[in-house]
Amino acid sequence: MEFNVIRTCKDCKNEDFFYLTKVQSAFQLYDSSEIWNSLCSKCGSTECLSLGGKQPKVDQQLLDMWGNSATLHFWTQDEEIFLAETEYFHLILNAIDKSKYPERKITVLIQSICVLLYDNTETFEKYADEENFKREKDANLIRPELIKRKDKIIKEQGLIMEYIKQVVFPQIGIENWL
């Protein structure tokens, strides 16, 4: 599979592709300012409208690289939000249960599973019935797994955002957290 950064020229809207490895793309291990300031292949302009591209899905290899590195980040901030995807849920649970990584990374993973439950239970009115059904089904799979790991969540509660706790903690039986 190919990964790239797409540079859109501000002057002519041409798109230039800069090819990357999976690891470079996942952890943004490239110089975005160099790409931003590069010459457009069509008109030669250095004026850039935007940079874009699709980030690879997190797999065991990428999660292990991230988990065992003090310097790698999926995002420079809000990694717990980035990792809060249903498709990553079992990878994350496995990593938490096996305590595969340093405590700092496990904390991010615990935060991410709380965000995932939050994302699947917050406000149903804004979604179509089909989406609500999927979200409810996901929440029903996530909730018991969080209940099983309630002690780990309680340990990290000081690092979990208050708005997440307000929605998630009552669902998993954590009381008196204020």
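The values are calculated or read from the model by the stated rules, or taken from the named source; none is laboratory data. None of the values given here were measured: they were computed from a predicted structure. For neighbour counting, all protein chains shown are included, and Cβ atoms are generated from backbone atoms with ideal geometry for every residue, glycine included.
Structural remarks
Results for (1) surrounded by 19 or more Cβ atoms within 10 Å (Cβ to Cβ); (2) acidic (Asp, Glu), shown as yes or no for each residue.
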residue	(1), (2)
Leu117	yes, no
Lys126	no, no
Lys134	no, no
Ile142	yes, no
Glu145	no, yes
Val167	no, no
Pro170	no, no
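- Selection within the stretch 52-108 - closer than 20 Å to Tyr118 by Cβ and of a type in the set (Phe, Trp, Tyr): Phe74, Trp75, Phe82, Tyr88, Phe89
- Hey, Thr46 outside the structural domain of Arg143 (by TED's automatic domain parsing) and among the β-branched types (Val, Ile, Thr) or not: yes
- Scanning the stretch 60-93 for residues being among the charged types (D, E, K, R) and more than 14 Å from Gln111 (Cβ to Cβ) gives a total of 2.
- Sole residue being modelled with pLDDT of 95 or more and over 18 Å from Val58 (Cα atoms), chosen from Leu117, Leu159, Leu93: Leu117
- So Asn176, is it more than 20 Å from Val23 (Cβ to Cβ), outside the structural domain of Val23 (by TED's automatic domain parsing) and part of a helix (DSSP H, G or I): no
- Residues that are under 22 Å from the mean Cα position of the chain (by Cα) and on the phi > 0 side of the Ramachandran plot occur in the stretch 70-82; there is at least one.
- Hits in the stretch 93-137 (condition: among the acidic types (Asp, Glu) and within 17 Å of the chain's Cα centre (by Cα)): Asp119
- Residue pairs whose Cβ atoms lie under 9 Å apart, sitting 6 or more positions apart in sequence or on different chains, and linking a residue in the stretch 91-110 that is among the basic types (Lys, Arg) to a partner that is modelled with pLDDT of 95 or more and surrounded by 20 or more Cβ atoms within 10 Å (Cβ to Cβ), are Lys100/Leu63; Lys100/Ile106; Lys105/Trp66; Lys105/Ala95.
- Condition check for Lys54: touching a strand residue (DSSP E or B) at 6+ places or on another chain (Cβ under 7 Å), touching a residue at least 40 places away in the same chain (Cβ under 8 Å) and closer than 28 Å to Ile142 by Cβ: no
- Note on the stretch 1-109: enclosed strands (runs of 3 or more DSSP E) holding 1 or more residues that are surrounded by fewer than 12 Cβ atoms within 10 Å (Cβ to Cβ) are 15-20, 48-52.
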